[in-house]
Amino acid sequence: MAEFTMELNDDQKQVRDWIHGFAADVIRPAAAEWDEREETPWPVIQEAAKVGIYSLDFYAQQFFDPTGLGIPMAMEELFWGDAGIALSIVGTGLAAIGVVANGTEEQIGTWIPQMYGTPDDVKVAAFCSSEPDAGSDVGSMRTRAVYDQAKDEWVLNGTKTWATNGGIANVHIVVAVVDPELGSKGHASFIVPPNTPGLSQGQKFKKHGIRASHTAEVVLEDVRVPGSCLLGGKDKLDERLARARERARAGGGERVKNAAMATFEASRPAVGAMAVGTARAAYEVALDYAKTRTQFGRPIIDNQGVAFQLADMRTSIDAARLLVWRASWMAVAGKPFTSAEGSMSKLFASEVAKKVTGQAVQILGGNGFTREYPVERMHRDSAIYTIFEGTSEIQRLVIARTISQMPIR
């Protein structure tokens, strides 16, 4: 087990600088264009694939960093470049985490390479959990998966929403209800292979921020997938459902995690790192502006009202990063989140991103409100961090339940 340290080693610094260079040279120059176009930046994703950033090997190397800092370090630098384009590059990772967290070795080896494709023919993947009436309330999920024993196939019906890469993905990971009587404990995740009949894209959303990232509904109409596409396999599912039914008959007992929750728990510190990257980018723009913008014959940073804001911005960014690093290290070290440290990191970093980007707009004044300066886009982008993969309210609920061991509602 790696000891906790706040100092990156030489290899990590080299990777960080490499990713930062890509973000500065490739992502940032393209950010405004793809934000305006509101389209998936395929050329940028392909460039990321060619240099090795958009690849299974790259994410595996960062994921298995023994310090736990590989993924948050990479996320911070990419999202420092631009949140919308970065999410297009890393969005496949949520689906990949779903397979790694819940799938068999054969499923991991078969499907994750198909999620990324090749540098000459890049692909993306989608993780489909939220529904029109079931976002934070996962117990209200309506998408059903029914097992056809005669054909060893699962039949999926329902509509998913807010799916990153939904409808354009090569591989979709879909969370569905297999036993409605068990609520959220009766869910399972399924791999929907490329070109499966019955899966189609519904509404594509025109968003406030992260507009270079494709977000859409996914409609499933009698979608049939082989039994081998149930993540983890049917034996494992049957055992889990049997335990859940037994506990339900006994009136409660040990909590059972479902597949979607396992995926979100694994990804929350990474989302915190994304927020840190956006906040840091806005802070740096504001700091440079404050040192060069003059009013009444002196730089505006000479004014305490501006200088103190920048001091608070930097302090909160560093604090958010430390929470993210702590949670990431705890996860790789196998330490339980006894105080919901993963949710803490996501909650705090998300709120910091919204506040810091807003402060950056304020420091730039009228210029900050125009699209000629990037803080306007960064402020719009930052709003998503307090919403996706668990709203800030849900994070507070998770933390409160964990520290109190009470069923707070």
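The values are calculated or read from the model by the stated rules, or taken from the named source; none is laboratory data. These numbers come from a predicted model, not from an experiment. For neighbour counting, all protein chains shown are included, and Cβ atoms are generated from backbone atoms with ideal geometry for every residue, glycine included. Only protein heavy atoms, including side chains, enter the accessible area calculation; ligands, DNA and RNA are left aside. Shrake-Rupley method; radii C 1.70, N 1.55, O 1.52, S 1.80 Å.
One line per residue, one yes/no per condition, for (1) within 30 Å of G68 (Cα to Cα); (2) among the polar types (S, T, N, Q):
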residue: Y283; (1), (2): yes, no
residue: K291; (1), (2): no, no
residue: Q295; (1), (2): no, yes
residue: R298; (1), (2): no, no
residue: N303; (1), (2): no, yes
residue: V306; (1), (2): no, no
residue: D312; (1), (2): yes, no
residue: A319; (1), (2): yes, no
residue: G334; (1), (2): yes, no
Scan the stretch 89-112 and tell me whether some residue there is touching a strand residue (DSSP E or B) at 6+ places or on another chain (Cβ under 9 Å), closer than 23 Å to A24 by Cβ and not in a loop (DSSP other than H, G, I, E, B).
yes
The one condition T161 fails out of (1) in contact (Cβ under 8 Å) with a residue 60 or more places away in the chain; (2) in a strand (DSSP E or B); (3) farther than 20 Å from Q107 by Cα; (4) not acidic (D, E) is (1)
Mind checking whether some residue in the stretch 289-306 is modelled with pLDDT of 95 or more, surrounded by 23 or more Cβ atoms within 10 Å (Cβ to Cβ), in a helix (DSSP H, G or I) and not small (G, A, S)?
no
Residues satisfying the stated conditions in the stretch 61-72, i.e. open to solvent by 10 Å² or more (accessible area, probe 1.4 Å) and either in a helix (DSSP H, G or I) or acidic (D, E) (or both):
Q61, Q62, F63, D65, I71
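Scan the stretch 177-185 and tell me whether some residue there is among the aliphatic types (A, V, I, L, M), part of a loop (DSSP other than H, G, I, E, B) and either open to solvent by 60 Å² or more (accessible area, probe 1.4 Å) or closer than 30 Å to E33 by Cβ (or both). Before the answer, list the steps.
Step one: filter the stretch 177-185 for residues among the aliphatic types (A, V, I, L, M), giving 177-178, 182.
Among the residues that remain, those that are also part of a loop (DSSP other than H, G, I, E, B) are: 178.
Applying the additional criterion that residues be either open to solvent by 60 Å² or more (accessible area, probe 1.4 Å) or closer than 30 Å to E33 by Cβ (or both) yields none.
For the stretch 177-185, residues among the aliphatic types (A, V, I, L, M), part of a loop (DSSP other than H, G, I, E, B) and either open to solvent by 60 Å² or more (accessible area, probe 1.4 Å) or closer than 30 Å to E33 by Cβ (or both): absent.
Give the residue that is surrounded by the most Cβ atoms within 10 Å (Cβ to Cβ), with candidates limited to residues of the stretch 356-408 that are of a type in the set (F, W, Y) and under 23 Å from S343 (Cβ atoms). So that I can check it myself, show each step before the final result.
Within the stretch 356-408, the first condition is being of a type in the set (F, W, Y), and the residues that meet it are 369, 373, 385, 388.
Of the ones still in play, those that are also under 23 Å from S343 (Cβ atoms) are 385, 388.
Numbers: Y385: 30, F388: 20.
Across the stretch 356-408, the extreme among qualifying residues is Y385.
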The stretch 307-343, subset touching a residue at least 40 places away in the same chain (Cβ under 8 Å) and of a type in the set (S, T, N, Q), residue most open to solvent (accessible area, probe 1.4 Å):
T338
If a residue must be aliphatic (A, V, I, L, M), within 20 Å of N195 (Cα to Cα) and surrounded by fewer than 23 Cβ atoms within 10 Å (Cβ to Cβ), how many such residues does the stretch 121-136 contain?
1
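What number of residues in the stretch 141-178 are at positive phi and within 16 Å of the chain's Cα centre (by Cα)?
Filtering the stretch 141-178 for residues at positive phi gives 152, 158, 162, 165, 167.
Then drop every residue that is not within 16 Å of the chain's Cα centre (by Cα), which leaves 162, 165.
Within the stretch 141-178, residues that are at positive phi and within 16 Å of the chain's Cα centre (by Cα) number 2.
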Within the stretch 223-232, which residues are crowded, with 16+ Cβ neighbours inside 10 Å and outside any helix (DSSP H, G or I)?
V223, V225, L230, L231, G232
Criterion violated by Y283 - all others in (1) open to solvent by 80 Å² or more (accessible area, probe 1.4 Å); (2) of a type outside the set (A, V, I, L, M, F, W, C); (3) in contact with a Leu (Cβ under 9 Å, 6 or more places away or on another chain) satisfied
(1)
Hey, T118 open to solvent by 30 Å² or more (accessible area, probe 1.4 Å), free of Cβ contacts under 8 Å to residues at least 12 places away in the same chain and out of contact with any Leu (no Cβ under 9 Å at 6 or more places or on another chain) or not:
no
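Could you tell me whether G98 is at pLDDT below 95, of a type outside the set (S, T, Y) and within 17 Å of A349 (Cβ to Cβ)? Quick ask: steps written out before the conclusion?
Values: at pLDDT below 95: yes; of a type outside the set (S, T, Y): yes; within 17 Å of A349 (Cβ to Cβ): no.
For G98, the condition - at pLDDT below 95, of a type outside the set (S, T, Y) and within 17 Å of A349 (Cβ to Cβ) - is not met.
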